[in-house]
Each structure stands twice: as structure tokens, then as C-alpha cells.
Amino acid sequence: MEREYLVMIKDTLHLRAPGNWINDPNGFIYYKGKYHLFYQYFPYAPQWGTMHWGHAVSEDLLHWEHLGVALYPSKDYDRNGVFSGSALEKDGKLYLYYSAVKYLETEAEDIHHAKNDAFETSQAMVISEDGFSFDNMGAKKQILPVIRDEELADATHTRDPKVWKSGDWYYMVLGSTKSGKVGRVLFYKSADGVNWEYANQYSHKNFGTILECPDLFELQGQYVLQASPMEITPGNTEYTSQSICTLVDFQEEKCGLSLSDSYQFVDYGLDLYAPQTNADKDGNRVMIGWLRMPLPVKEDGERGVWNGMMCTPRVMELQNGHVYFRMHPEADRYLSREVSDRTQIDYNKPFRIKTTLENGEMLDIGGYEIYVEEDCIKADRSRVFEGMEKYRLVSCTPKLQGRYELDIVVDRNLIEIFVNQGEYVISHVVYGLENSLSGPVERILTGWNENEKE
């Protein structure tokens, strides 16, 4: 069964919800000359609901075409949601792996939510011949039934399969929990990518109460675990679940894992969540993550009301035991058209500011303030996040040893601050940016028009 699709929405630089709601990136892969990015999608309202997989493609990680719904609930085991997962190329075909959700009872006034969190999760897959056609009725296969042995995993909260191949084996890592109190990862192995056997599991105090979206990969010969543990930043603000990365030792044969107690946040704005990585066409390890938005945005045109967007693609590199998140070369090339002075900025399009701050200096971007304090870069969105005091308004990096080099991407609803060439990044969702810029600026750059050549 082929999927008929219509390109309705195109995005540049930041992939946004094509209307209504998106969250986690799924199935991120470079396949047959195009980047494919699927995403958690509720097509009926700008709020979380029964999950589908939306689908977008790009040739450069910057210019995205939305292709509508790829996967949707169609089986008893996934009747209430096609949750997050990953993609793999095998024999020229695109293998999609996802978590399948079935509610045991629904809310009487909202069928898109499980009553009392009563649902069960299994793992499933679907194979596409070309990456554009998805047979939801005939090609789905449940590959890991609901795990009902609590010693092995949790029947409700075991999800987000990330699959990769190494040598002759396929590997799957899943996020899970022990009774909702301690997060854990599960490992499975397969000889063919379809039939899976349990291999090992691991718990750690840094895995929060439930571990989501685990992603294990090599970076310059060193294994890195990236994941999103729930409830690791408790307090009086929203978003207690965060995305972290840490260096680990991984033994393939037995799927043995060991790690220290130290970790770093993937993004220090603490809005970004559920990131996923894969290799780009040049072999770089690239991360894309979801930016959580407390309010929807209303636009004129086909997009209408939308909620949820993705960050710019970021290249992960290891330097002195620290993971850097650098602006992807494609984004760097695109945002390279010099603006003669700040009066020439088009605030309706993404632009870029490069500068270095000193103590006592502040950069004010339409009400969004960036400054140095106590050897950290701090970002205050209070004036462009009004009425949302229960969310984190001020974010900061760790100490920087006196170096405050900034590369800032500005969009209408997102500001991303790359500090010291990606040593740390602060990304903040914003609302109501003013068309103004004050403070020290060294260079202002914008994107190239489609009919211009660099």
C-alpha cells in the first residue's frame, strides 16, 4: 500500500509542527540521498494526544518538506499510540522501530489519555521499500511483546527503541524503569534486525525515575550514552526531566555497560528534550532535539496553530573528555550572508549574531538578555516569556574560565546560544520578541535567499 502525500509545509533551519502538535524526533536517518526525520505527531490539536509519526525530508538538514502522516495506530497493540523509535537501513530498505501503546482504560472525556496511567507498551516495527511508502495495515510486526516480568522490565514504561548494527549483530537499547522509582536501560541483540533476544540491563542513579530515549553510539572511538531521565531536576519549576550525555564503557558481546556518576546536559537551556542522533552523509554524529513549548503559536496560512519545534542540527565532537555540540556545517554555510548593520536585520527570518562578551556587558535581543555573571553565560527570557513564571526563566552554563565567545541563532520562537564553539549550548523557547538589538555585536549574518549562490 503506497502512501499518497502532499507537501503542505516547508521549513528552513528549524523544523516546526506543520500545525497542531509535535514532540520527540524519531527515525532520524540519511537514506538514499535524503535525510528523513519522523516525529511524534498529534494532528488534531496543539496538545499532546494519540501519537502518530509525522514525516519530513531534507537534502541538507536545513530545508525540510513535511510529507504528512507516515505511521498511525492500526493494530490492537498500537491502537493508542505509535510512540518514539528509530530507523535503520537494511538491504536497501528502511526499517522503522517504535514503541506501541495500548490503553487498558481511557478517560471518559478524553480518549487520547489513559485513565490512571493504565497502559501497556510493546515494541514493533514496519519495513518500507523506499522510505516514502508505509503499509500500516499489512507490514507492521510486533517484535517484543509487553514485558510483564518486573525483574526484567516495566510493562508500562519500557519504550523508545534505538537500533544500530555493529559487526554481524543488530543492537537495540530501550529505556525503562524499576517500579517507576529508578530508571534503567535494556539491551537486546538480533542476527537479522527482526527477531530479538534479551541481552542485558543496567540501572544508575543518574537515570532518574524513568529513562526515556536512550541513544548509544561511538564518538571518536569513545562510547557515549545520551538519554532523557525523568525527574532529575526536581524543584519549583516545570520540566523536571532533562536530556543528558555521558561517556561510558560498552562491551558489545554481552552488552555490558559501565559509567561514572558525572554527566553533562545536552543543552543548558533545559527546554530541549528527547534528542536523537545519527550519522550525516559525511559521517558526522548529528543531534536533533525537540524544544518543549508551554504555549502554542498562531500563524496565518496553512500551518495555523502549532506547538513544538526542533533545534538546529548539531555536530557532536569529543574534546578532552567533554562532548561539544557544534553548529552543523550546513547551518554555518547557510547563515553566512553578512548584514551591513543592525538596522538591516529582517526579524521575520532567522539570523545569527557572533560576539564576545566581557564582564558587565549585556546583549539584548528583542527583550532576551544575555550576560556574564560569576564566570558563566546567563540568559534571561523573563521579558519574552511573560506569565509563565512556573517555568525556568534564567539559564546558565557551568563556569567558563573567562572565555565568553558566543554564536547565537535567533528565530521568532527560539534562540540558541553556542558558547565557546559548542562547549555548551543554551536554547530557549521565546514568545513576542521585539524587533530590536542592543549591546556588543561583532557580526550579524543571515541566510541566503533560495535564488542566490554563495
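The values are calculated or read from the model by the stated rules, or taken from the named source; none is laboratory data. Everything numeric in this text was worked out from a predicted model, so none of it was measured. Here Cβ is always computed from backbone atoms with ideal geometry, including for glycine, and neighbour counts include all displayed protein chains. Please note that ligands, DNA and RNA were not included when accessible areas were found on the heavy atoms of the full protein model with its side chains. Shrake-Rupley method; radii C 1.70, N 1.55, O 1.52, S 1.80 Å.
Each row is one residue, and each column tells you yes or no for (1) closer than 23 Å to residue 311 by Cβ; (2) free of Cβ contacts under 8 Å to residues at least 40 places away in the same chain; (3) out of contact with any strand residue (DSSP E or B) (no Cβ under 7 Å at 6 or more places or on another chain).
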| position | (1), (2), (3) |
| --- | --- |
| 35 | yes, no, no |
| 42 | yes, no, no |
| 45 | no, yes, no |
| 52 | yes, yes, no |
| 61 | yes, no, no |
| 64 | yes, no, no |
| 74 | no, no, yes |
| 85 | yes, no, no |
| 95 | no, no, no |
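Filtered by the rule that a residue be farther than 15 Å from residue 418 by Cβ and either basic (Lys, Arg) or under 23 Å from the mean Cα position of the chain (by Cα) (or both), region 385-395 gives 385, 388, 390, 391, 392, 393, 394. Wholly within region 390-454, which strands (runs of 3 or more DSSP E) include no fewer than the required count, namely at least 3 residues that are touching a helix residue (DSSP H, G or I) at 6+ places or on another chain (Cβ under 8 Å)? Once the strands (runs of 3 or more DSSP E) in region 390-454 are filtered for at least 3 residues that are touching a helix residue (DSSP H, G or I) at 6+ places or on another chain (Cβ under 8 Å), nothing remains. Those strands (runs of 3 or more DSSP E) of region 169-211 in which at least 3 residues are open to solvent by less than 10 Å² (accessible area, probe 1.4 Å), considering only elements entirely within it, cover 169-178, 182-190. State whether one or more residues within region 278-300 are open to solvent by 10 Å² or more (accessible area, probe 1.4 Å), on the phi > 0 side of the Ramachandran plot and either modelled with pLDDT of 95 or more or outside any loop (DSSP other than H, G, I, E, B) (or both). Yes.
State whether one or more residues within region 258-267 are in contact with a helix residue (DSSP H, G or I) (Cβ under 7 Å, 6 or more places away or on another chain), open to solvent by 10 Å² or more (accessible area, probe 1.4 Å), assigned to a loop (DSSP other than H, G, I, E, B) and within 21 Å of residue 417 (Cβ to Cβ). Checked against the condition, which is being in contact with a helix residue (DSSP H, G or I) (Cβ under 7 Å, 6 or more places away or on another chain), open to solvent by 10 Å² or more (accessible area, probe 1.4 Å), assigned to a loop (DSSP other than H, G, I, E, B) and within 21 Å of residue 417 (Cβ to Cβ), region 258-267 yields at least one hit.
The set of residues in region 391-440 that are more than 23 Å from residue 342 (Cα to Cα), open to solvent by less than 10 Å² (accessible area, probe 1.4 Å) and in contact with a Cys (Cβ under 7 Å, 6 or more places away or on another chain) comprises 397, 400.
Name the residue, out of 27, 54, 19, 33, that is at pLDDT 95 or above, in contact with a Gly (Cβ under 6 Å, 6 or more places away or on another chain) and under 29 Å from residue 351 (Cα atoms). Result of the check over 27, 54, 19, 33: 19. Given the structure, is residue 237 farther than 23 Å from residue 377 by Cβ and in contact (Cβ under 8 Å) with a residue 24 or more places away in the chain? In short, no.
Are any of the residues in region 330-349 assigned to a strand (DSSP E or B) and free of Cβ contacts under 8 Å to residues at least 60 places away in the same chain? No, because not a single residue in region 330-349 is assigned to a strand (DSSP E or B) and free of Cβ contacts under 8 Å to residues at least 60 places away in the same chain. Taking first residues from region 379-400 that are over 19 Å from residue 365 (Cα atoms) and of a type in the set (D, E, K, R) and partners that are open to solvent by 40 Å² or more (accessible area, probe 1.4 Å) and not in a helix (DSSP H, G or I), the Cβ contacts under 8 Å between residues at least 6 apart in sequence or on separate chains come to 390/236; 390/237; 390/238; 399/374.
What do you reckon, is residue 33 surrounded by fewer than 17 Cβ atoms within 10 Å (Cβ to Cβ), within 12 Å of residue 131 (Cα to Cα) and not charged (D, E, K, R)? Answer is yes for this residue.
Residue 88 falls short on exactly one of the conditions (1) open to solvent by 10 Å² or more (accessible area, probe 1.4 Å); (2) under 28 Å from residue 285 (Cβ atoms); (3) out of contact with any Gly (no Cβ under 7 Å at 6 or more places or on another chain), and that condition is (3).
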